[in-house]
1. Shape verdict for the stretch 263-330, please, from the Cα gyration tensor: rounded (a/c under 1.5), prolate (a/b greater than b/c) or oblate.
2. Estimate the FRET efficiency between A17 and D417 by the formula 1/(1 + (r/R0)^6), using the beta-carbon distance for r and 60 Å for R0, to the nearest 0.05.
3. Once the piece of chain linking D358 and N169 is laid out straight, how much longer is it, given 0.36 nm per residue of separation minus the C-alpha distance between them?
4. In nm, to one decimal, how far is the modelled label at A100 from the one at H139, with both set 7 Å along Cα→Cβ?
5. Residue by residue through the stretch 305-310, what is 3J(HN,Hα) from phi via Karplus (6.51 cos²θ - 1.76 cosθ + 1.60, θ = phi - 60°)? Round to whole Hz and write x for glycine and proline.
6. Could you sort the peptides 149-161, 204-216 by per-residue average Cβ neighbour count (10 Å cutoff), highest mean leading?
7. At 0.36 nm per residue, and after removing the present C-alpha to C-alpha distance, how many nm does the segment from Q212 to R40 gain when stretched out fully?
8. For the stretch 297-358, what is the charge dipole size about the Cα centre, in debye to the nearest 20, if Lys and Arg each add +1 at the Cβ and Asp and Glu each add -1 at the Cβ?
Amino acid sequence: MNNIAFFRIFKIVKMAAVFFIQLTLFERRHRGSWTEETNRKWEMLVKKQAAEYRRTALRLEGLLIKLGQFLSTRADIMPKAFLEELEDLIDRVPAVPWEAAKAVMESEWNGPIETILSHIDERPVASASIGQVYKATLHSGEEVAVKVQRPDIDRIIAVDFKAVRIVMNLAGRFTTFGKQTDLPALYREMTAIIGAELDFKSELANGRYFKQRYESFNAVDIPSYNSDISTKRVLVMEWIEGARITDLAFLERNGIDRHILAERLTNMFLEQLLQEGKFHADPHPGNILVKADGTIVLIDFGMIGMLPATDAIYIRAMIEGILTEDYSKVVDGLEGLQFLLPRADKERMKRVIRAMIDAYTSQSFKRMDDLAAQQLLEEIQLIVKQEPVQMPAGFAFLGRAVSTFIGLLHILDPNIDLMEVGRQPVLDWLGKHAGKTNPQTILLQSLRPLLSLPQKLSAALDEPARLREQQDAHRERAEMERYLLKSRRDALLFTALAFPTVPAAFWTEQAVLLYGGPALLAVSLIFYWRSIRAHKRFLQK
């Protein structure tokens, strides 16, 4: 039943539609009255949805597993209950029977597995959405990991993509995210990247690329790949002993400092972020291992994204702008990456970016009262709605990789200061490669607190005026929404009163009612339709 195309599409689309309705109704019901009790109810709703998603994903497998892996790593923003519900989706997918996996290997190798392997454990060491991994030994005595593709997985993924396309169409019509993102382009990129993951020869080439790329990193290891016996559906690589990087008991047992490990991981990831080329698009805990000596092992290069040289330049400029508090560089970088369209209010964007970074670096979020924090978050949300801000489809997988990685860092070290950890590696990289960073820039960075004092003092003096402007804008918006809602209610009432005149006209055969009733109903329906359109346009501003 689970492999029937119509059944899979129906289950996925139905689940997404129910989630959209639940979230929309909750936000409208509690708009403007977010309390501790509201937050508790919100977490309960999210936990319920996560549990439903987990059950559906484990039942259907396929593409839902990959999406669940992404959600389960958002430790920086997702509630703990959500993470607990979805953590089993990471390399703990139910395995296919041994005989089915063996049949795939023998089909790809054109003969019994004994011709290639002297021994293989029939129980997989890891099971994921695309394939599962077995520990085996070659006739030479070398221990290897054998990754075998799940039977019929290519057809299942193709069906799931049809369901995801329907869900994206719904998201484009009924969610804020959908209206701000080029979902068709995102869909095309997803099919290209995940489609490539179904070809293990592509993963083989990617693994060799990263093996060469990280040769100079002493604390990072990449397995070697055996191209002679690897095929499109079977991949053979060096076996490296280690535990998943989030196995905190393993880290403690081997005396591995979690903060130092997080720093090493940051250095590795920043190298991918700052330099054009390929980047690992799926850095979840199941794909990053750690040896007993603290060496990081990066595996599974099926999902790989590309960072063009021009994008790398803009990203470096943004990071440099953040470190030196030159927020014009940050905004220009966002515009260059096409997150901002030309008509965006850059001064307004700079102000919000400065407020966010100042709040993070000073940890003032923890000291803010509820009203101040809510006002900052509301202003950010208002800018996203009002300004021409968009999510370029080409950044979907880079954004996914960054958010997954940040979630992983928060699991390793919940108190990590990402700007502090990343500052020196970025400055070192800029000094070596960017060509624009000089000793004066580094000196500027060391004097940052003193140099930024006038800016912060000016911002503090301007804050009352900005607060009044924001409050006036909120008040005007609330009044306009009340007016539109009243017009909508009046139009609905007018329609309800006009509707009975139509059957009455045919019943009484009175000329006035016969012609006037349908006309009155038509006018009232147009009035109601126009009031709905006006309200929708207002909500989209």
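The values are calculated or read from the model by the stated rules, or taken from the named source; none is laboratory data. Keep in mind that this is a model prediction, so the values were computed, not measured. Virtual Cβ from ideal backbone geometry, glycine too; neighbours counted across all protein chains shown. Side chains are part of the model used for accessible areas, which takes the heavy atoms of the whole protein and leaves out ligands, DNA and RNA. Shrake-Rupley method; radii C 1.70, N 1.55, O 1.52, S 1.80 Å.
1. Working: a/c = 3.42, a/b = 1.72, b/c = 1.99.
Verdict is oblate for the stretch 263-330.
2. Numbers: r = 40 Å, r/R0 = 0.67.
FRET efficiency, A17 to D417: 0.90.
3. Numbers: separation 189, 0.36 × 189 = 68.04 nm, distance 3.77 nm.
Roughly 64.3 nm would be gained on extension.
4. Here the modelled spin labels are 3.1 nm apart.
5. Values per residue, Gly and Pro as x: x, 10, 10, x, 4, 5 Hz.
6. Values: 149-161: 18.5, 204-216: 16.3.
My ranking of the peptides, most packed first, is 149-161, 204-216.
7. Values: separation 172, 0.36 × 172 = 61.92 nm, distance 4.88 nm.
Difference between extended and current length: 57.0 nm.
8. Values: 8 positive and 10 negative charges, 46 e Å.
It comes to approximately 220 debye.
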